[in-house]
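Engineer: I have a structure here, written as structure tokens, and I will follow up with some questions on it.
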Amino acid sequence: DAGVIQSPRHEVTEMGQEVTLRCKPISGHNSLFWYRQTMMRGLELLIYFNNNVPIDDSGMPEDRFSAKMPNASFSTLKIQPSEPRDSAVYFCASSLWGAFPSYEQYFGPGTRLTVT
Amino acid sequence: SQQGEEDPQALSIQEGENATMNCSYKTSINNLQWYRQNSGRGLVHLILIRSNEREKHSGRLRVTLDTSKKSSSLLITASRAADTASYFCAKGAQKLVFGQGTRLTINP
């Protein structure tokens, strides 16, 4: 059974470039989360979706960040334009939410982003 | 601000010893979760404890919750080298807020 899949695993880009991170949640899960992890700020929730609808994007740092979930099996996090301070590990996680919710979140392996 | 704060920030013990990590939080909770993160990997859920529970076990893991003190602890008994990782507590239902974590090193 495949877990949460993220691509790419590593991304190195120059300041000003557009970066797109991709996530495939666990089949059957209806909630998807994007996190960012840095040494300074720890693990921060950026945005989450329920049934493909964004529920809370209050953690998205700036308008340069955007996230979409066009269907139940795919989500993207885009940074345009990228800046060096965006360098971090970005995690996607999924869970099952509903009448009998599971609070447990399943994390992907992360994308390590370096912006030079 | 962080709702789950772990203590200590780092812990180094010998294999076979017990490891205890603590988590404090500021506002009331319905449940609290503990996660493990191995170096370079994503987080893995370990255990969830509800506000009406005081203690929960899972294998070598024991979690306690003291709602009056707004604190929880994670005990790993008979530690192994494979337990070397960072451990995080997380508060919330869907919108989890993670602490800064405890880096645990098990020395052979």
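Engineer: Going by the conditions given, is B:L48 more than 14 Å from chain A (Cβ to nearest Cβ), hydrophobic (A, V, I, L, M, F, W, C), assigned to a strand (DSSP E or B) and under 13 Å from the mean Cα position of the chain (by Cα)?
Structural biologist: Criteria not met by B:L48.
Engineer: Still on this model: In the stretch B:93-108, which residue that is in a loop (DSSP other than H, G, I, E, B) and either polar (S, T, N, Q) or within 8 Å of chain A (Cβ to nearest Cβ) (or both) is surrounded by the fewest Cβ atoms within 10 Å (Cβ to Cβ)?
Structural biologist: So in the stretch B:93-108, the residues in a loop (DSSP other than H, G, I, E, B) come out as B:93-96, B:99-101, B:108.
If we keep only those that are either polar (S, T, N, Q) or within 8 Å of chain A (Cβ to nearest Cβ) (or both) as well, we get B:93-96, B:99-101.
Numbers: B:A93: 11, B:Q94: 16, B:K95: 13, B:L96: 25, B:G99: 23, B:Q100: 18, B:G101: 25.
The qualifying residue surrounded by the fewest Cβ atoms within 10 Å (Cβ to Cβ) is B:A93.
Engineer: Looking at the stretch A:68-104, which of its residues are in a loop (DSSP other than H, G, I, E, B) and modelled with pLDDT of 95 or more? Full working, then the answer.
Structural biologist: Taking the stretch A:68-104 first, the residues in a loop (DSSP other than H, G, I, E, B) are A:72-73, A:80-83, A:87, A:96-104.
Result: A:A72, A:S73, A:Q80, A:P81, A:S82, A:E83, A:S87.
Engineer: Can you say whether B:G42 is at positive phi, within 14 Å of another protein chain (Cβ to nearest Cβ), touching a Gly at 6+ places or on another chain (Cβ under 8 Å) and surrounded by 13 or more Cβ atoms within 10 Å (Cβ to Cβ), as far as the supplied structure shows? Let's see the steps before the verdict.
Structural biologist: On the way: at positive phi: no; within 14 Å of another protein chain (Cβ to nearest Cβ): yes; touching a Gly at 6+ places or on another chain (Cβ under 8 Å): yes; surrounded by 13 or more Cβ atoms within 10 Å (Cβ to Cβ): yes.
Here the answer is no, as B:G42 does not meet what is asked.
Engineer: Another question, then. Taking the stretch A:84-116, which residues are more than 12 Å from the chain's Cα centre (by Cα), among the hydrophobic types (A, V, I, L, M, F, W, C) and either over 19 Å from B:G42 (Cα atoms) or within 8 Å of another protein chain (Cβ to nearest Cβ) (or both)?
Structural biologist: A:W97, A:A99, A:F100, A:V115
Engineer: Counting only residues that are buried (at least 16 other Cβ atoms within 10 Å of the Cβ) and among the polar types (S, T, N, Q), which one in the stretch B:1-19 is nearest to A:R36 (Cα to Cα)?
Structural biologist: Filtering the stretch B:1-19 for residues that are buried (at least 16 other Cβ atoms within 10 Å of the Cβ) and among the polar types (S, T, N, Q), the one nearest to A:R36 (Cα to Cα) comes out as B:Q2.
Engineer: In the stretch B:75-92, what residues are exposed (fewer than 12 other Cβ atoms within 10 Å of the Cβ) and either out of contact with any Gly (no Cβ under 7 Å at 6 or more places or on another chain) or within 14 Å of another protein chain (Cβ to nearest Cβ) (or both)?
Structural biologist: Here is the first cut: in the stretch B:75-92, the ones exposed (fewer than 12 other Cβ atoms within 10 Å of the Cβ) are B:78, B:81-82.
Those that are exposed (fewer than 12 other Cβ atoms within 10 Å of the Cβ) and either out of contact with any Gly (no Cβ under 7 Å at 6 or more places or on another chain) or within 14 Å of another protein chain (Cβ to nearest Cβ) (or both): B:A81, B:A82.
Engineer: Every residue in the stretch B:52-101 that is among the charged types (D, E, K, R) and within 30 Å of A:I47 (Cβ to Cβ), please.
Structural biologist: Taking the stretch B:52-101 as the starting set, the residues that turn out to be among the charged types (D, E, K, R) are B:53-56, B:60, B:62, B:66, B:69-70, B:80, B:83, B:91, B:95.
Across the stretch B:52-101, the qualifying residues are B:K70, B:K91, B:K95.
Engineer: Which number in (1) exposed (fewer than 15 other Cβ atoms within 10 Å of the Cβ); (2) free of Cβ contacts under 8 Å to residues at least 12 places away in the same chain marks the one condition that A:E14 misses?
Structural biologist: (2)
Engineer: Is it the case, given these coordinates, that B:S72 is in a loop (DSSP other than H, G, I, E, B) and either more than 14 Å from chain A (Cβ to nearest Cβ) or more than 30 Å from A:N51 (Cβ to Cβ) (or both)?
Structural biologist: No, not satisfied.
The values are calculated or read from the model by the stated rules, or taken from the named source; none is laboratory data. Because the structure is predicted, anything quoted here is derived from the model rather than measured. Backbone-built Cβ (ideal geometry, glycine too); neighbour counts: all protein chains shown.
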